[in-house]
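The values are calculated or read from the model by the stated rules, or taken from the named source; none is laboratory data. Because the structure is a prediction, the values reported are computed rather than measured. All Cβ positions, glycine included, derive from the backbone under ideal geometry; neighbour counts span all protein chains shown. For accessibility, only protein heavy atoms count, side chains too; no ligands or nucleic acids. Shrake-Rupley method; radii C 1.70, N 1.55, O 1.52, S 1.80 Å.
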Amino acid sequence: MAKGLANTWWHRNHLVCVNYPDLPTKKEVIYRVFRAAYPDGAFVDDDLRLVELRDKEIVWQNLTNEMDQALGDVDAFVNTLPAQVPRLRNNASSLDSVREYYKALMQEAKQALFVSQNGLYFEFRSMEELVVRCKRAGGADWSSYDPDEPAVGAGTVGGWSFAREYLQPSSTSTAKYLQEHVKSLEAFKIAGRA
């Protein structure tokens, strides 16, 4: 990291607000958690090749350590955003919503990973494989891609419904609500200038 730049988990793992008000999704965060703990893959690499067989309890512990560090860095990260995203300067309500969004997003990612690691080895592995497939499909729009689409080029394996279900935001998702709230605040601000 260059001298003078913020060094939070979010910066190191490339989850900054580049396209504000579009914020990272749960799929992207889970992918980054896996790559922060295992740059070459916990179960599969970025080319969807299996890596060495790992104990899922050790993988879970390493992922938990990364997620705890990310949660601990949220406030420091969000405090750097006004310098990077001019629209967040002097905008305390949007900044607070972004802060709560990142916290809720990581909590939801942690819950999804917890549920998948609590199942069979394949279910835990499929969580990483699904987010890698999303990344390979372009990654720019983590929210609309279905990993069973043929565009990825790699055949899919059945039995992913369990992991896929936990990658999608639920209807009661706090992160989903906060993301919509941030977008509506931004739209209101833009409409007020017109």
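Okay, residues lined up against (1) more than 17 Å from Leu178 (Cα to Cα); (2) in contact with a Ser or Thr (Cβ under 9 Å, 6 or more places away or on another chain):
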position: Asn7; (1), (2): yes, no
position: Tyr38; (1), (2): yes, no
position: Arg49; (1), (2): yes, no
position: Asp68; (1), (2): yes, no
position: Ala76; (1), (2): yes, yes
position: Ser93; (1), (2): no, no
position: Gln107; (1), (2): no, yes
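Within segment 92-128, the set of residues being closer than 18 Å to Val44 by Cα, over 16 Å from the mean Cα position of the chain (by Cα) and aliphatic (A, V, I, L, M) comprises Leu120 only. I'd like the residue in segment 16-32 that is in contact (Cβ under 8 Å) with a residue 60 or more places away in the chain and β-branched (Val, Ile, Thr) and, out of all such residues, is surrounded by the fewest Cβ atoms within 10 Å (Cβ to Cβ). My answer is Val16. The condition of being surrounded by 18 or more Cβ atoms within 10 Å (Cβ to Cβ) and not hydrophobic (A, V, I, L, M, F, W, C) holds for only one of Arg49, Arg35, Arg54, that being Arg35. Reported count of residues in segment 57-89, each being open to solvent by less than 60 Å² (accessible area, probe 1.4 Å), assigned to a helix (DSSP H, G or I) and more than 24 Å from Lys110 (Cβ to Cβ), is 2. Every test in (1) of a type in the set (Ser, Thr, Tyr); (2) under 16 Å from Phe34 (Cα atoms); (3) modelled with pLDDT under 70 is passed by Tyr145 save one, and that test is (2).
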